[in-house]
Amino acid sequence: VLAGLLLAVAAGGRGSAAGDQESPPGSRFVCTSLPLDAAGAGCPLPPVPMQGGALPPEEELRATVLQLRETVLQQKETIGNQREAIRELTGKLSRCESADGKSSAGTWKKELGKGKDTMGDLPRDPAQVIDQLSRTMQTLKDRLESLEHQLRANVSYAALPNDLREMLQRRLGDLERQLLSKVAELEDEKSLLHNETSAHRQKTETALNALLERVSELEKGNLAFKSPDEFKVSLPLRTNYLYGKVKKTLPELYAFTVCLWLRSSASPGIGTPFSYAVPGQANEIVLIEWGNNPIELLINDKVAQLPLFISDGKWHHICITWTTRDGMWEAFQDGEKLGTGENLAPWHPIKPGGVLILGQEQDTVGGRFDATQAFVGEMSQFNIWDRVLKAEDIMNIANCSINMPGNIIPWVDNNVDVFGGATKWPVETCEERLLDL
């Protein structure tokens with residue numbers, strides 16, 4: 001269309017020039033659309049006389065048109081992308097296209113006397129046409145480069161408004177400061193906890209070392225005991241690591257008597273003076289006063305409450321007897337029988353091969369002590385017999401009339417070990433203990 005348009009413009013310009021010289025009144029100029037490949041097509045031109053040795057005007061005009069056609073073809077892709085240029089040229093040629101659309105041969109009228117140009121403001125000179133097209137193409141190219149530059153700028157830089165970007169940066173800075181503050185706080189807490197733990201560990205180790213040194217000194221001085229049985233075991237703290245252990249174990253028993261001297265003012269409850277555990281039964285024999293409960297005797301995990309009261313800080317002599325026959329039991333305090341009962345694990349023999357612990361209650365054989373059940377105080381003369389002692393024998397032992405070691409577990413120095421800070425001390429004489437009652 002553009003090629004045909006340019007041919008028509010050139011032809012119209014040429015005809016106008018001729019008409020200025022000799023065109024008769026009433027002449028009409030016809031504009032016809034030409035295909036792009038119509039190289040030899042064009043509007044009929046009146047013959048022009050040859051001037052000197054120059055080319056005929058028709059040939060010169062044809063060469064100019066061909067050059068314009070090549071230029072237009074080179075810019076075809078750009079013109080196709082920028083449809084505004086086509087609309088602009090189409091507006092300038094609207095009358096020509098309208099006339100061509102209504103009839104097969106549209107006509108344009110021209111007033112020869114006034115020289116009116118019916119092509120609107122389109123230049124008549126082909127050189128001006130080329131110049132105008134060049135300026136249009138350059139404008140479109142500049143606009144396209146500007147759009148591409150803006151597009152690259154939008155891709156390369158943040159598309160957010162400055163205020164929003166600054167607000168986000170401030171918010172991120174605040175969050176970063178809060179995070180750093182929290183990390184510093186956690187580090188301080190961790191350091192403080194580590195220091196406290198280290199200090200507590202060091203304090204505990206220092207106390208244990210001092211106790212162990214004292215135990216070593218006492219063990220070295222055990223020869224100072226007047227006799228092997230004149231010592232006591234001291235358990236001054238309610239912990240799960242102070243205890244004594246009897247080296248010997250028990251045989252199978254169908255009856256027993258346990259006697260010992262105790263002094264404790266612990267509250268609530270004196271704890272566990274002794275416990276005997278065997279595989280499969282941690283509570284084979286246990287004497288315990290736990291919390292606000294009365295003193296209890298456990299045999300094979302069966303319980304009997306004993307009417308004993310010994311948490312007044314004074315020495316007391318305690319004896320307990322038991323037999324499998326009907327589960328009979330007796331409780332003596334300071335030589336006097338205070339209670340008796342039956343049905344405590346009847347016909348159950350005490351199992352052999354267990355562990356006998358002084359001062360702790362065993363949850364497993366020889367271990368898993370609970371500090372709340374630990375004995376606090378002193379004990380001495382812990383003896384076990386494999387029979388039920390007579391009441392007069394128990395009274396004589398409590399009155400210091402006789403010294404009667406246990407035939408199963410006697411109270412001798414080399415049969416008792418102490419651990420965790422428990423200590424052995426020379427014990428008061430039996431008469432001194434008796435005066436403390």
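The values are calculated or read from the model by the stated rules, or taken from the named source; none is laboratory data. This structure is a prediction, so every number in the text was calculated from the model and none was measured. As a convention, Cβ positions derive from the backbone with ideal geometry for all residues, glycine included, and neighbour counts pool all protein chains shown. The protein model used for the area step is the full one, side chains on, heavy atoms only, and it has no ligands, DNA or RNA in it. Shrake-Rupley method; radii C 1.70, N 1.55, O 1.52, S 1.80 Å.
Determine the shape class of the range 231-435: with a ≥ b ≥ c the square roots of the Cα gyration tensor eigenvalues, call it rounded for a/c under 1.5, and otherwise prolate if a/b is greater than b/c, oblate otherwise. The shape class here is rounded. For Asn162 and Gln138, the difference between the fully extended length at 0.36 nm per residue and the C-alpha to C-alpha distance is 5.2 nm.
Of the accessible area of the range 166-222, with the probe set at 1.4 angstrom, what percent is carbon plus sulfur?
Numbers: 2850 of 5020 Å².
The computed percentage sits at 57.
Counting only protein heavy atoms and a probe of 1.4 Å, the accessible surface of the range 231-435 is 51% carbon and sulfur. Here the range 166-222 has an Rg and Dmax of 24.4, 83 Å, counting Cα atoms alone. Counting only protein heavy atoms and a 1.4 Å probe, the range 231-435 has 40 square angstrom of accessible area per residue. Taking trypsin sites (Lys or Arg not before Pro) across the range 339-437, the ones in a DSSP loop with at most 15 further Cβ atoms lying within 10 angstrom of their Cβ are Arg368, Arg387, Lys390. In a simple Cβ point-charge model (Lys, Arg +1; Asp, Glu -1; nothing else charged), the range 166-222 has a dipole of about 40 debye relative to its Cα centre.
Accessible area per residue of the range 166-222 at 1.4 Å probe, in Å²? Mind showing how you got there, number by number?
Working: 5020 Å² over 57 residues.
Result: 88 Å² per residue.
In order along the range 344-352, the phi-based Karplus estimate (6.51 cos²θ - 1.76 cosθ + 1.60, θ = phi - 60°) of 3J(HN,Hα) comes to 9, 6, x, 6, 9, x, 5, 6, x Hz; Gly and Pro are listed as x. For the residue pairs Lys203/Lys232; Lys232/Lys337; Lys302/Lys424; Lys182/Lys203; Lys247/Lys302; Lys226/Lys302, the alpha carbons lie more than 29 Å apart in Lys302/Lys424; Lys182/Lys203; Lys226/Lys302.
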